[in-house]
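Quick notes on the structure that follows.
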Amino acid sequence: MSADNIRAGYNFAYLDEQTKRMIRRALLKAVAIPGYQVPFGGREMPMPYGWGTGGMQVTAAIIGADDCLKVIDQGADDTTNAVSIRAFFRDLTGVATTERTEEASLIQTRHRIPEKALKEDQILVYQVPIPEPLRFIEPSEVETRKMHELEDYGVMHIKLYEDIAQFGHIATSYAYPVRVNGRYVMDPSPIPKFDNPKMHQSPALQLFGAGREKRIYAIPPYTDVRSLDFEDHPFEVQRWEASCAICGSRDSFLDEVIMDDKGGHEFICSDTDYCRTRMAEQGEIA
Amino acid sequence: MYVAVKGGEKAIQAAHELLARRRRGNPEQPEVAVAQIQDQLSLAVDRVMTEGSVYDPELAALAIKQSAGDLVEAIFLLRAYRTTLNRFYSSEPIDTDGMAIERRISATYKDLPGGQVLGPTFDYTHRLLDFTLLAEGNAEAELSEHATAERMEEVVARVSSLLEQEQLMVREEDSGAEPADITRDPPTYPADRSARLQALVRGDEGFLLALGYSTQRGYGRNHPFAGEIRIGEVGVSIIPEELGFEVDIGSIRVSECEMVNGFKRQADGDVKFTRGYGLGFGQCERKVMAMALVDRALQASEHDEEITSPAQQEEFVLSHCDNVEAAGFVSHLKLPHYVDFQSELELLRRIRAAESTPTEEEPS
């Protein structure tokens, strides 16, 4: 990276250094209290709220000249918003970018955790729309903060129980609440519950940024992350009858694509890098 | 083999080129200049400055041009620029008593010191389309000589201070505390009054108008009178630390509204009128009136009123009044949600499959 690589008139990674320091302080607090939502002085970013401004502020606060950045949305590197955010950081930091999970030191994500297991020297930054897991039960922030303080999470279990009573299943398939380090109930962002087990004891640092709601939270490496469940209704992840139409994977999260106007459909890997890597490996074998 | 939508980068670029072309319109028409927008669409400029939180008519006009007249988009552009600016000083409080008034009306007194000054207003115009403007007739020549803006230079006391003197209205005190800044610190509830007012100034005019209107229709009634509305220039000054005395740095045009609201018994036993306050950059009378109504509604708990209506609920009003936040979060629904939707599909199919296959335990 050299200064000439950065768009004229802007600081490295857009935010001024004072703002970055404020965000880093919030991050340190978040790491110290796993799963606790730390309020921070979220700034207006040149992208709309709801489009990843929280994740972008976290990334901007921690990215350095030597980082290698990967940005995914729905698991894919080439979805439009991932392209836009990657271009933004390329423009304003000049750092190297990659689509390969294992090459990245910093991964900003929306709605997925990469299929390939993360390593100790990697940081995963999540974009979070609504950081408060209790929000859909209790709309008032004053009340939900109090509930976290008192570890008053009974209402959440009641909600899950009501699902079972009504549908025979816990009817939450994404943004499935987790308990972090045995203390705070946390919203894992709208990742499919398929990805929840990947958060548990992950060697990578996981940071969460909610820009509009001005909250930051974190899961330090090797932290317990348990999805809420009941003894007789244990947590389970999604399964598909089908396999990926491109690489044949039966273990990855699959997106459904409609093939014709008669409802014909196929499934493909949501994680494009995982799919491509598998294809390359199969190519070598063949 | 179907391959998921690729080539996002090229598509984005092409879309932006299309947008630029659409914004420019027919190239045979002369391009509208930023200076023209600043001058001839000044009320749009004022709204963008107020909700964009930057007093800079030229940048606001630029934002309006760039956004092809979409004011919420223009406000967003100005806000995003604002975050990159350095803060040098906080100004001293502006003094609207010393305003160079171009418009000043009171609905509570027929006449009062300083008088009623209509100034430039849409009030009392008949809303008939003026086809001479369509024909681009030379209306300027017909403007009479009476219509030259004359500003009152003398200090005109505010209606509220007259009522305060008679001890008929709740006094507003400057606590001298550093005001909150919701653009630097996350909002907390219950909010400080200064944080509340800042959020309302930045808040969406339409949202506040609807909320203010709802109080008039009985959802949190507070018996308002437009005590005073004034528009004009006020000086802005700072006290640089190294100098220690006040230095004028210029002037800004503001609109201010003070509502006189229904009386309440105060803690000291006196019965007094309560009040609501609205302020905005430039000429934004509708906004400041709505703001004053909502400001008063939000004082419900201070006046021991039961909180029953949306306009009285602080967390509801303040966390939803910002149109940059609201437009962002609503528009994010356009982003791909394949993964979440797929998760829901899988679950729904599983529930339906379980319900349609008769379980073996059930005797048939």
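Skipping prolines and chain starts, which residues have an amide H placed within reach, meaning under 5 Å, of the one on A:Thr97, given they are 5 or more residues away or on another chain?
A:Leu69
Kindly give Rg over Rh for segment A:3-227, based on alpha-carbon atoms, with the Kirkwood expression for the hydrodynamic radius. Mind dumping the intermediate values first?
Values: Rg = 17.3 Å, Rh = 17.8 Å.
Rounded to two decimals, Rg/Rh equals 0.97.
Do any of B:Lys110/B:Lys287; A:Lys116/A:Lys159; B:Lys65/B:Lys287 go past 29 Å between their Cα atoms, and which?
Values: B:Lys110/B:Lys287 24 Å; A:Lys116/A:Lys159 33 Å; B:Lys65/B:Lys287 22 Å.
Exceeds cut-off: A:Lys116/A:Lys159.
Evaluate Rg over Rh across the protein assembly as shown, taking Cα atoms for both radii and Kirkwood's formula for Rh. Spell out each step's value before the answer.
Working: Rg = 28.8 Å, Rh = 28.2 Å.
Taking Rh as the inverse mean 1/r over Cα pairs, Rg/Rh reads 1.02.
Give me the base-10 log of I(q)/I(0) for segment A:161-232 at each q in 0.19 Å⁻¹, Debye formula, one uniform scatterer per Cα, rounded to two decimals.
Rounded to two decimals, the profile gives -0.81.
Find how much the distance from B:Ala353 to B:Ile252 grows on full extension, using 0.36 nm per residue of separation minus their present alpha carbon separation; answer in nm with one decimal.
Numbers: separation 101, 0.36 × 101 = 36.36 nm, distance 6.67 nm.
So the extension gain works out to 29.7 nm.
For A:Lys214, go through the lysines and keep the ones whose alpha-carbon is under 17 Å away, minus same-chain ones fewer than eight residues off.
Of all the lysines, those that pass the test against A:Lys214 - Cα under 17 Å, at least 8 places apart if same chain - are A:Lys20, A:Lys29.
What value in Å³ per residue do you get for the convex hull of the alpha-carbon atoms in segment B:10-82?
Details: hull volume 5.9 nm³, N = 73.
Per-residue hull volume (Cα only) is 81 Å³.
Please order B:Ile94, A:Ile107, A:Ile216 by the number of other Cβ within 10 Å, starting at the fewest. Numbers along the way, then the final one.
Details: B:Ile94 17, A:Ile107 22, A:Ile216 30.
The most exposed by this proxy come first: B:Ile94, A:Ile107, A:Ile216.
Take the alpha carbon atoms of segment B:200-348, find their radius of gyration, then divide it by 2.2 N^0.38 Å using N residues; give the quotient. Provide the component values of the computation, followed by the final result.
Details: Rg = 20.8 Å, N = 149, 2.2 N^0.38 = 14.7 Å.
Dividing the Cα Rg of segment B:200-348 by 2.2 N^0.38 Å gives 1.41.
Could you pull out which residues in segment A:79-111 have an amide N less than 14 Å from a spot 7 Å beyond the Cα of A:Ala65, following the Cα-Cβ vector?
The answer is A:93-96.
Between 0 and 90 degrees, rounded to the nearest ten: what's the tilt of helix B:8-24 against the longest Cα principal axis of chain B?
It works out to around 40 degrees.
Taking a spot 7 Å from the Cα of A:Arg135 along the direction of its beta carbon, which residues of segment A:169-203 have an amide N less than 17 Å from it?
Zone members listed by number: A:173-178, A:185-192.
Could you work out the relative contact order of segment A:237-278, using alpha carbon pairs under 8 angstrom and six or more residues apart, expressed as a whole percent? Intermediate results must be reported in sequence, preceding the final value.
Values: 55 pairs, mean separation 15.9, N = 42.
In percent, rounded to a whole number, it is 38.
Counting each DSSP H run of 4 or more residues in chain B as -39500 (n - 2.57), what helix-only mean residue ellipticity at 222 nm follows after dividing by all residues, to the nearest 500 deg cm²/dmol?
Numbers: 13 runs with 138 residues, N = 364.
One gets -11500 deg cm²/dmol as the mean residue ellipticity at 222 nm.
Work through the residues other than A:His169 whose Cβ is under 14 Å from its Cβ and net out their charges, Lys, Arg +1 and Asp, Glu -1.
Values: positive: A:Lys159, A:Lys193, A:Arg239, B:Arg349, B:Arg350, B:Arg352; negative: A:Glu162, A:Asp163, A:Asp229, A:Asp232, A:Glu236, B:Glu344, B:Glu346, B:Glu355.
Charge balance in the 14 Å sphere: -2.
Once phi is turned into θ = phi - 60°, what whole-Hz ³J(HN,Hα) does the Karplus curve with 6.51, -1.76 and 1.60 give for every residue of segment A:105-113, x standing for Gly and Pro?
Values per residue, Gly and Pro as x: 8, 9, 10, 9, 9, 10, 6, 8, 10 Hz.
Given points 7 Å out from each Cα along the Cα-Cβ axis, report the B:His126 to B:His223 separation in nanometres with one decimal.
Taking the simple label geometry, B:His126 and B:His223 are separated by 3.8 nm.
Which of the listed residues, B:Ile64, B:Gly212, B:Gln29, is farthest toward the dipole's positive end in chain B, when Lys, Arg count +1 and Asp, Glu count -1 at the beta-carbon?
Projecting each Cα onto the dipole axis, the largest value belongs to B:Gln29.
Could you please report the charge total around A:Lys214, scoring K, R as +1 and D, E as -1 over all other residues with beta-carbon less than 12 angstrom from its beta-carbon?
On the way: positive: A:Arg43, A:Arg212, A:Arg215, B:Arg184; negative: A:Glu44, A:Glu132, A:Glu141, A:Glu213, B:Asp185, B:Asp322, B:Glu325.
Around A:Lys214, the charge tally is -3.
Could you please report the charge total around B:Leu347, scoring K, R as +1 and D, E as -1 over all other residues with beta-carbon less than 14 angstrom from its beta-carbon? Kindly include the intermediate steps, with their values, before the conclusion.
Values: positive: A:Lys193, A:Arg239, B:Arg349, B:Arg350, B:Arg352; negative: A:Asp163, A:Glu236, A:Glu256, B:Asp340, B:Glu344, B:Glu346, B:Glu355.
Taking every Cβ under 14 Å from that of B:Leu347, the sum is -2.
Under the definition of Cα pairs under 8 Å and six or more residues apart, what whole-number percent is the relative contact order of chain B? If you can, show how the numbers build up before the last one.
Details: 498 pairs, mean separation 59.7, N = 364.
Relative contact order comes out at 16 percent.
Please list, in chain and number order, the residues 5+ apart from B:Gly262 or on another chain whose amide H is under 5 Å from its amide H, with Hs placed from the backbone.
Correct list: B:His223, B:Thr274.
Run the dipole for segment A:239-286 about the Cα centre, Lys and Arg Cβ at +1, Asp and Glu Cβ at -1, nothing else charged, and hand back the magnitude in debye, nearest 20.
With only Lys, Arg, Asp and Glu charged at Cβ, the dipole is about 120 debye.
Note down the nm distance, to one decimal, between modelled labels 7 Å out along Cα→Cβ at B:Ala33 and at B:Asp97.
4.3 nm
Under a Cβ-only charge scheme (Lys and Arg +1, Asp and Glu -1), can you give me the dipole magnitude of segment B:10-82 about the Cα centre, in debye to the nearest 20?
On the way: 9 positive and 10 negative charges, 70 e Å.
Roughly 340 debye, rounded to the nearest 20.
How large is the dipole of chain B about the Cα centre if only Lys and Arg carry +1 and Asp and Glu carry -1, each at its Cβ, rounded to the nearest 20 debye?
Numbers: 37 positive and 63 negative charges, 240 e Å.
About 1160 debye.
Work out the FRET efficiency for B:Phe341 and B:Phe316 from their Cβ-Cβ distance, taking R0 = 25 Å, and round it to the nearest 0.05. Could you put the intermediate results ahead of the total?
Values: r = 29 Å, r/R0 = 1.17.
After rounding to 0.05, the efficiency reads 0.30.
If I take R0 = 22 Å and measure r between the Cβ atoms of B:Asn26 and B:Glu58 in this structure, what FRET efficiency does the formula 1/(1 + (r/R0)^6) give, to the nearest 0.05? Don't jump to the answer; show the numbers that get you there.
On the way: r = 26 Å, r/R0 = 1.16.
Given R0 = 22 Å and the Cβ-Cβ separation, E is 0.30.
Starting from the amide H of A:Leu106, placed 1.01 Å from N in the peptide plane, find each other amide H under 5 Å away whose residue is 5 or more places distant or on another chain.
A:Cys68, A:Lys70, A:Ile123
Readers should treat all values here as calculations from the given coordinates under stated rules, not as data from a laboratory. Please read all numbers here as calculations on a predicted model, not as lab measurements. Positions of Cβ are backbone-derived with ideal geometry, glycine not excepted, and every protein chain shown enters the neighbour counts.
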